[in-house]
1. Of all residues in region 269-282, how many are out of contact with any Phe, Trp or Tyr (no Cβ under 7 Å at 6 or more places or on another chain) and either part of a loop (DSSP other than H, G, I, E, B) or buried (at least 16 other Cβ atoms within 10 Å of the Cβ) (or both)?
2. For region 261-268, state whether one or more residues are at pLDDT 95 or above, touching a Leu at 6+ places or on another chain (Cβ under 9 Å) and assigned to a helix (DSSP H, G or I).
3. Only one of 206, 217, 247, 178 is outside the structural domain of residue 152 (by TED's automatic domain parsing) and either aliphatic (A, V, I, L, M) or touching a residue at least 40 places away in the same chain (Cβ under 8 Å) (or both). Can you tell me which?
4. Within region 314-328, identify whether any single residue is part of a helix (DSSP H, G or I) and over 23 Å from residue 280 (Cα atoms), and answer yes or no.
5. From the list 13, 1, which residue is touching a residue at least 12 places away in the same chain (Cβ under 8 Å) and surrounded by fewer than 20 Cβ atoms within 10 Å (Cβ to Cβ)?
Amino acid sequence: MRTVIIAFTHEGMKVAKKASTVTDEEVTIYCHKRCGDDYREDAVSFATVGSVIKSEFAMCDRILFVCAAAIAVRTIAPYLKSKVTDPAVLVADESGKFLISLLSGHIGGANEWCKELADSIGAIPVITTATDTRGMFAVDMFAAEHNMKIVNPVMIQDISGRILNGEAVGITGDETFVKMLRETEKQWNGQITYTDNADGKYESGVQIISHPDENVVFKRTLKLVPQNLAVGIGCKKGKTAEEIEQVVKKVFDMNNLMPEAIAVAASVDRKADEQGIIEFARKFKVPYRTYTPEALREIEGDFSSSAFVNEQIGVDNVCERSACAASGGGRKLAGKTADNGITVAVYKMV
């Protein structure tokens, strides 16, 4: 996870540095050039905040502005796309007294980050999402907590609006999710009900989808896809993210799998800096993990074998073994498929 922190003044930099020290993942601090020279070792100097956001908005996971909220709003406005893809955005005042969850409160994790960071730096968290302030079921938070991707985020407003208005909303999924959905119904008693909707009582509902051709049971359905697939990728140097995505899509189509279910991309450590795979993982908002040839050789399983690959890299198969490793020793759903100098395999995570 990558975090960007943006400050404009000396006072703002105090808050930025304090926030960075309690952030475990990769952090980049940007400071306005008016005071950037004083923080050469701690921050990247910038002339216009717009240029920072233009390059970072789609590439990072979280952004903390230390400035007036209006500056943050006007700066990010041109780059907003969807609550499913936009990064989490917080705003802190220069004294570090208040910390506002501004964008992607649920799916992006801004609300939780706001609470955690506020506690760490001694700020007062400000969270305004209605389901949080009223203590009600939030489908996007439910999706995030259970590692699921929302296929049609336009339906979030419909589901949340009905729940906030006290209207009936259903939730369903196949037999593997019954226990979880029963527990969800119990936790949010009266707000959401587990049902197969055979009688059509519920017009709107949430459905966990496991297959592309699965029939929906609600007239207005918010679809959730469990992110439980590890994609192993091998490729010749210089392959683009678009080329890699084309082969991945081909493999998924051939095996009746859903791209929304991708949870992690994986390869051998020699490909750790392969931009095509890195950008592919960024587009799908999933981590990219690499393994040494020695670690891949130790993975047990039924893998296809290539003497040439073994001679060149030190392991007989990259895509299958790395997918298996990233899945935690899961089940093979799609074996090695080679196309256009790219190999892809898919495993279901345990």
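The values are calculated or read from the model by the stated rules, or taken from the named source; none is laboratory data. All of these numbers come straight from a predicted model, not from anything done at the bench. Cβ sites come from the backbone with ideal geometry, for glycine too, and all protein chains shown count toward neighbours.
1. Pass one, region 269-282, residues out of contact with any Phe, Trp or Tyr (no Cβ under 7 Å at 6 or more places or on another chain): 270-276, 279-280, 282.
From what's left, either part of a loop (DSSP other than H, G, I, E, B) or buried (at least 16 other Cβ atoms within 10 Å of the Cβ) (or both): 270-274, 276, 279-280, 282.
Of the residues in region 269-282, 9 are out of contact with any Phe, Trp or Tyr (no Cβ under 7 Å at 6 or more places or on another chain) and either part of a loop (DSSP other than H, G, I, E, B) or buried (at least 16 other Cβ atoms within 10 Å of the Cβ) (or both).
2. Narrowing region 261-268 to residues at pLDDT 95 or above: 261-268.
So of that shortlist, the ones also touching a Leu at 6+ places or on another chain (Cβ under 9 Å) come out as 261-264, 268.
Subsequent filtering for residues that are assigned to a helix (DSSP H, G or I) retains 261.
Within region 261-268 (the criterion being at pLDDT 95 or above, touching a Leu at 6+ places or on another chain (Cβ under 9 Å) and assigned to a helix (DSSP H, G or I)), the answer is yes, since at least one residue qualifies.
3. On the way: 206 fails: outside the structural domain of residue 152 (by TED's automatic domain parsing); 217 fails: outside the structural domain of residue 152 (by TED's automatic domain parsing); 178 fails: outside the structural domain of residue 152 (by TED's automatic domain parsing).
One residue alone meets the criteria, 247.
4. Step one: filter region 314-328 for residues part of a helix (DSSP H, G or I), giving 319-326.
If we keep only those that are over 23 Å from residue 280 (Cα atoms) too, we end up with none.
Within region 314-328 (the criterion being part of a helix (DSSP H, G or I) and over 23 Å from residue 280 (Cα atoms)), the answer is no, since none of the residues qualifies.
5. Details: 13 fails: surrounded by fewer than 20 Cβ atoms within 10 Å (Cβ to Cβ).
Only one candidate passes the filter, namely 1.
Matching residues to (1) modelled with pLDDT under 95; (2) more than 16 Å from residue 333 (Cβ to Cβ); (3) surrounded by fewer than 22 Cβ atoms within 10 Å (Cβ to Cβ):
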{"position": "208", "(1), (2), (3)": "no, yes, yes"}
{"position": "219", "(1), (2), (3)": "no, yes, yes"}
{"position": "233", "(1), (2), (3)": "no, no, no"}
{"position": "237", "(1), (2), (3)": "no, yes, yes"}
{"position": "241", "(1), (2), (3)": "no, yes, yes"}
{"position": "246", "(1), (2), (3)": "no, yes, yes"}
{"position": "256", "(1), (2), (3)": "no, no, yes"}
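Okay, residues lined up against (1) crowded, with 17+ Cβ neighbours inside 10 Å; (2) under 20 Å from the mean Cα position of the chain (by Cα); (3) free of Cβ contacts under 8 Å to residues at least 60 places away in the same chain:
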position: 122; (1), (2), (3): no, no, yes
position: 126; (1), (2), (3): no, no, yes
position: 133; (1), (2), (3): no, no, yes
position: 141; (1), (2), (3): yes, yes, yes
position: 147; (1), (2), (3): no, yes, no
position: 150; (1), (2), (3): yes, yes, no
position: 156; (1), (2), (3): yes, yes, no
position: 162; (1), (2), (3): yes, no, yes
position: 165; (1), (2), (3): no, no, yes
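Residue by residue, here is whether (1) within 18 Å of the chain's Cα centre (by Cα); (2) within 24 Å of residue 281 (Cβ to Cβ); (3) in contact (Cβ under 8 Å) with a residue 12 or more places away in the chain holds:
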position: 8; (1), (2), (3): no, no, yes
position: 34; (1), (2), (3): no, no, yes
position: 39; (1), (2), (3): no, no, yes
position: 44; (1), (2), (3): no, yes, yes
position: 60; (1), (2), (3): yes, yes, yes
position: 84; (1), (2), (3): yes, yes, yes
position: 95; (1), (2), (3): no, no, yes
